[in-house]
Structures are given as C-alpha cells and as structure tokens.
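Here the structure comes first, spelled out in structure tokens, and everything after it is commentary.
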Amino acid sequence: MLIIEIKEGEVIDKALKKYKRKFERSGTLKQLRRRKAFTKPSIERRAEVLKAAYKQDTYGFKND
C-alpha cells in the first residue's frame, strides 16, 4: 500500500505526481506483468547471460 504525505494547502496535481512517481519506483506494475506468464528459470538465466554478453561486447574493455 502506498501512502503519500499531503501538506496543508498542497495542490492535488502535485500529490498525484508524487503518487505516480512512488508507484513507478515501487515496481508493482513491472512485477505484475512479469507474473502474468510463467517463464522457466533456464530461459530467464539464458536471457541474463545473453544480456551480459551483449553489454560486455558493447561497453566492455577492448584492447585495440
């Protein structure tokens, strides 16, 4: 449950902006989408390895 502190006389737009930011940072929607469909642990691990290899090739140390 998200709790937003609202000060006296604060505009509702500002409170909504705080709520949206807090909701996004909590990762609730991301977690919900991830849980929507089951993926095997081996497939998740393979995706992690491929992502790490891509990052290493793209941004890693290159001795040219």
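The values are calculated or read from the model by the stated rules, or taken from the named source; none is laboratory data. Here the structure is a predicted model, which is why all the values come from computation and not from measurement. Because the Cβ atoms are built from the backbone with ideal geometry, glycine has one as well, and the counts that use them run over all protein chains shown.
When residue 35 is tested against (1) surrounded by 10 or more Cβ atoms within 10 Å (Cβ to Cβ); (2) without any contact (Cβ under 8 Å) to a residue 12 or more places away in the chain, exactly one condition is not met: (1).
The residues of the range 30-63 that are farther than 30 Å from residue 20 by Cα, of a type in the set (Val, Ile, Thr) and modelled with pLDDT under 95 amount to a single one, 58. When the residues of the range 1-32 are filtered to those that are in a loop (DSSP other than H, G, I, E, B) and within 18 Å of the chain's Cα centre (by Cα), the one that is surrounded by the fewest Cβ atoms within 10 Å (Cβ to Cβ) is 1.
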